[in-house]
Amino acid sequence: RTPQTIIHDNLTFSFGGRLFGSPDSDRPGPKDMRLAIVGSSNVYFYTLANEMGVDLIHDELKPMGFGRKTEIDVLGEVTGDLPSTEWKKKRFSKPEHQKWYAGETISLGIGQGYNNFTMLQMATATATLASSGQRFKPRLVSRIDDVVTGQQRRIASDALAPLPYKPEQSAVIRDA
């Protein structure tokens, strides 16, 4: 799949005898990734999630910082949840609740279901996309002022290893 791949969006996605819909603001028709983002096409992203599966979605989102602490310089940060088949096995104690069902993957495509991300994770991922994969450790404090001495100490935001995004693919997302 490429950003130019077209999916026909008729505003509903059928899976397992259930219809998944689109928001009222969406319009039917053929959509590539750019149009799907601009129009918030649930059908496009349901289709994409179904094709990828939960574990590939997990593997693609994990490097962006979802499902783990960002290590910001503030106490009390939580991890959120980035689901996978292994995550579900660990999360639930009853064997009948540990199985991943294909229908659970569909809602992940539009950020619902077991997805549970913090606002800081979302902001960090957005910054990573906007910078074509360059990542930084987030900081709340950029400078510490000593009120007694007047001395100022800058706190650097550490650069992390960049993600190998293709500039033309990042441009599609930024443009949308």
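The values are calculated or read from the model by the stated rules, or taken from the named source; none is laboratory data. Not measured: the values here are computed from a predicted model. As a convention, Cβ positions derive from the backbone with ideal geometry for all residues, glycine included, and neighbour counts pool all protein chains shown. Surface areas here come from the heavy atoms of the whole protein model, side chains and all, with no ligands, DNA or RNA. Shrake-Rupley method; radii C 1.70, N 1.55, O 1.52, S 1.80 Å.
Quick one: which residue in 32, 55, 73 is of a type in the set (D, E, K, R), touching a Lys or Arg at 6+ places or on another chain (Cβ under 7 Å) and within 28 Å of residue 133 (Cα to Cα)? Please lay out each step first, then the result.
Values: 32 fails: touching a Lys or Arg at 6+ places or on another chain (Cβ under 7 Å); 55 fails: touching a Lys or Arg at 6+ places or on another chain (Cβ under 7 Å).
Every option except 73 fails the conditions.
Kindly establish whether residue 142 is within 22 Å of residue 121 (Cα to Cα), more than 22 Å from the chain's Cα centre (by Cα) and in contact (Cβ under 8 Å) with a residue 12 or more places away in the chain.
Values: within 22 Å of residue 121 (Cα to Cα): yes; more than 22 Å from the chain's Cα centre (by Cα): yes; in contact (Cβ under 8 Å) with a residue 12 or more places away in the chain: yes.
Spelling it out, residue 142 is indeed within 22 Å of residue 121 (Cα to Cα), more than 22 Å from the chain's Cα centre (by Cα) and in contact (Cβ under 8 Å) with a residue 12 or more places away in the chain.
Scanning the stretch 43-58 for residues that are closer than 19 Å to residue 172 by Cβ and of a type outside the set (A, V, I, L, M, F, W, C) returns 44, 47, 51.
Listed by position, the helices (runs of 4 or more DSSP H) inside the stretch 66-176 whose residues that are open to solvent by 60 Å² or more (accessible area, probe 1.4 Å) number at least 2 are 85-91, 95-98, 119-130, 167-175.
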